[in-house]
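The values are calculated or read from the model by the stated rules, or taken from the named source; none is laboratory data. Here the structure is a predicted model, which is why all the values come from computation and not from measurement. Here the Cβ is made from the backbone with ideal geometry for all residues, glycine too, and neighbour counts use every protein chain on show. Accessible surface areas use protein heavy atoms only, side chains included; no ligands, DNA or RNA. Shrake-Rupley method; radii C 1.70, N 1.55, O 1.52, S 1.80 Å.
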Amino acid sequence: MKRAFVTGGSQGIGKAVALGFAEAGADVAIVARGKQKAEEAAHEVSKLGVRAIAVAADVTLPDQVEAMA
């Protein structure tokens, strides 16, 4: 079973990486500061037949990184 955890995965390069992992058959957790954009990206990723979840967190804040993990 493949799994990927992609920070900044709601747009741009991060989203492309998340989609690439999904195309390779990995379940993907998409982390972004904005919950809505992360959920939209997770929905798009899940259309590729893998599980995807959205996680709202700011990775510059240690307490949010700890809660995310």
**Q.** Residue-averaged 222 nm ellipticity for the chain, from DSSP H runs of 4+ at -39500 (n - 2.57), nearest 500
**A.** -13500 deg cm²/dmol
Q.
Quick check: with the 1.4 Å probe, what order do Met1, Met68 take by accessible area, largest first?
A. Met1, Met68
Q: Kindly work out what percent of the DSSP beta bridges joining two residues of the chain are antiparallel, to the nearest 5.
A: 0
Q. Which residue, chosen from Gly14, Ala57, Gly34, occupies the Cα position most advanced towards the positive end of the dipole of the chain, where the dipole is computed from +1 (Lys, Arg) and -1 (Asp, Glu) charges on Cβ about the Cα centre?
A. Gly14
Q) Which trypsin sites (Lys or Arg not before Pro) in the range 1-62 pass both tests, a DSSP loop state and at most 11 other beta-carbon atoms within 10 Å? A) Lys2, Lys47
Q) Accessible area per residue of the chain at 1.4 Å probe, in Å²? A) 64
**Q.** Pairwise FRET efficiency - Ser46 versus Ile13, Cβ, R0 = 30 Å, nearest 0.05
**A.** 0.90
**Q.** R0 of 22 Å, Cβ-Cβ distance Gln36-Met1: FRET efficiency to nearest 0.05
**A.** 0.20
Q. Taking the Cα centre of each part, how many Å lie between the range 43-57 and the range 15-39?
A. 6
**Q.** Protein-only accessible surface order, largest first, of Ile13, Ile53, Ile30 at 1.4 Å
**A.** Ile13, Ile53, Ile30
Q. Carbon-plus-sulfur fraction of the accessible area of the chain, 1.4 Å probe, in percent?
A. 55
Q) Using Cα pairs under 8 angstrom and six or more residues apart, how large is the relative contact order of the chain, in percent? A) 29
